[in-house]
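The values are calculated or read from the model by the stated rules, or taken from the named source; none is laboratory data. Bear in mind that the values here come from a model prediction, so they are computed numbers and not experimental data. Note: ideal-geometry Cβ built from the backbone for every residue, glycine included; neighbour counts use all protein chains shown. Just so you know, the surface numbers come from the protein's heavy atoms only, side chains and all, with ligands and any DNA or RNA stripped out. Shrake-Rupley method; radii C 1.70, N 1.55, O 1.52, S 1.80 Å.
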Amino acid sequence: MTSSGTNPPPGPASRDGDGNASAAWELLLPAASAPARRRGRALQSALRDAVRSGRLPAGTRLPASRELAADLGVSRGLVTEAYEQLTAESYLRAGRGSGTWVSGAVRPAARGARDLSPRAPGARVDFRPGTPDLALFPRSAWAAAHRTVLDRLPHSSLGYPDPRGLPELRVALASLLTRRRGVVADPERLVVCSGVAQATTLLGFVLRERGATAVGVEDPGSPEHASLFASTGLTTVSLPLDDAGLAVDPLLRSGVRAVVTTPAHQFPTGIGYSSERRGELLDWARRTSGVIMEDDYDGDFRYDRAPVGALQGLDPEHVVYTGSVSKSLAPGLRLGWLIAPAAMTDAIVARKRTMDLGNPSVDQAVLADFVTGGGYDRQLRRCQRAYRERRDAMTGALDARFPGTEVSGIAAGLHIIARLPERFGPQDEFLRRATAAGIALRPLSDCTAGGARDDAVRLVLGYAHLAPAVIGNGVRLLAESVRGGPGQGQVYGPGYGPGHDG
């Protein structure tokens, strides 16, 4: 048996012409230099990775344990143990008197990991809607709440949680939503979800269990609804809007008994449902025993007046209320809520249990502390100031660079709808030039059934994630690109630039 010292010899002896001894020695040499207590495990890991990655392909004959130990400068016992362990795991195969070989049972593992997050790689400026300014996330306050929660959280709270959510978070959210959005919020009927996306699928599964086959959706509306409901076995029926909101007559003719709405600030058109239309929708739900899902995705952000209260507050037995912290804090937290009618609560909670057994307890406890301690209200005020300023910067830049542009919708939310003058059409050519200049845009036609459009350029422009200077510079670059100008103006990335301190 050779020495188990940490300094291996300069190289392997040449024993055959196939190079296998040399290959094994080179791949395993770094593991032989590991500290003595970890050397055996490191040797096994290195050999396993070499087989899994294909660097030692199937059919390769490995050196005898005595020879490899001598090459590596380790004990023969370490090599023998490594061979035996990987043979037991089927990475290697061995036969009496026939040596040790790389098994054919292993398939090389894929290397690397793709990032499928919805970003626009290579874009100089991204005007697509839906993203808040992630640099406004209150890191210090959130970290302080996290430390406070971990110090006081009982061990029992780290077990499987109530699928509805931690009681303290449900109580905190019920109080917040009652105060800020005028909802009827019973903590026993509030379910903490992984954002509105999960709330939508929870509702879809329950509707499907009750015999529904289709759900009405606003047109134009969020492109995500169709795929979310499809995952639950439901189809979607596109229902048109008018100036007051979702048109009631097409809803009646459709025959659906459930519909998704964004009444506080319709996405994407930006209109607020009129009081008359809100009443008509509730009448429809009462007459048909229908269900209205209210997606209150940005109801806290109104800049010209106090936000209009939620539709759910008028009839909590016919409206499923949903919302999240995705616009106020960060979508990456995956924290939202659903307030269900009494007749649907048990079924929604049962479905939530089977989907994920509940959201992470620590994250819920941190949000509860953040809400009850006043941090969430402070965050909303901070965001409201910033987003109002950025909306003004966007409309001002459009006035300067695209005079005659019509901006529709109420002064609210994180995006605007802009209809550019006819001279900038057709839309396809406008979008082609913008893309070539590195500007990411979302046309309104992306949010309509079948992508219907005419030649007019109608854009859904997000501004919340961009500093005012970035907005101005980006609109200038857009104007230059579609006019055939230089298109080389400096544009900072999303969330950066002068006046943006993160």
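Annotations for the structure displayed:
- Counting only residues that are more than 28 Å from A386 (Cα to Cα) and open to solvent by 20 Å² or more (accessible area, probe 1.4 Å), segment 310-348 holds 9 of them.
- Residues (among the charged types (D, E, K, R), crowded, with 18+ Cβ neighbours inside 10 Å and part of a helix (DSSP H, G or I)) located in segment 181-219: R181, R189
- Segment 202-242, residues that are modelled with pLDDT of 95 or more and of a type in the set (D, E, K, R): R208, E209, R210, E218, D219, D242
- Scanning segment 198-243 for residues that are among the aromatic types (F, W, Y) and free of Cβ contacts under 8 Å to residues at least 60 places away in the same chain gives a single hit, F229.
- P307 vs. criteria open to solvent by less than 30 Å² (accessible area, probe 1.4 Å), touching a residue at least 40 places away in the same chain (Cβ under 8 Å), of a type outside the set (D, E, K, R) and part of a loop (DSSP other than H, G, I, E, B): no
- Residue tally, condition open to solvent by 20 Å² or more (accessible area, probe 1.4 Å) and aliphatic (A, V, I, L, M), over segment 361-384: 1
- In segment 278-295, the residues that are free of Cβ contacts under 8 Å to residues at least 24 places away in the same chain and open to solvent by less than 10 Å² (accessible area, probe 1.4 Å): none
- Residues of segment 161-178 include at least one that is touching a strand residue (DSSP E or B) at 6+ places or on another chain (Cβ under 9 Å), part of a helix (DSSP H, G or I) and within 30 Å of L466 (Cα to Cα).
- Extreme residue, farthest from V308 (Cα to Cα), among residues of segment 133-160 that are hydroxyl-bearing (S, T, Y) and part of a helix (DSSP H, G or I): S156
- Selection within segment 403-442 - open to solvent by 10 Å² or more (accessible area, probe 1.4 Å), more than 19 Å from F301 (Cα to Cα) and in contact with a Lys or Arg (Cβ under 8 Å, 6 or more places away or on another chain): T405, E406, R419, A437, G438, A440, L441, R442
- Scan of segment 239-263 for residues that are open to solvent by 20 Å² or more (accessible area, probe 1.4 Å) and either closer than 30 Å to T354 by Cα or under 23 Å from the mean Cα position of the chain (by Cα) (or both), ordered by number: R257
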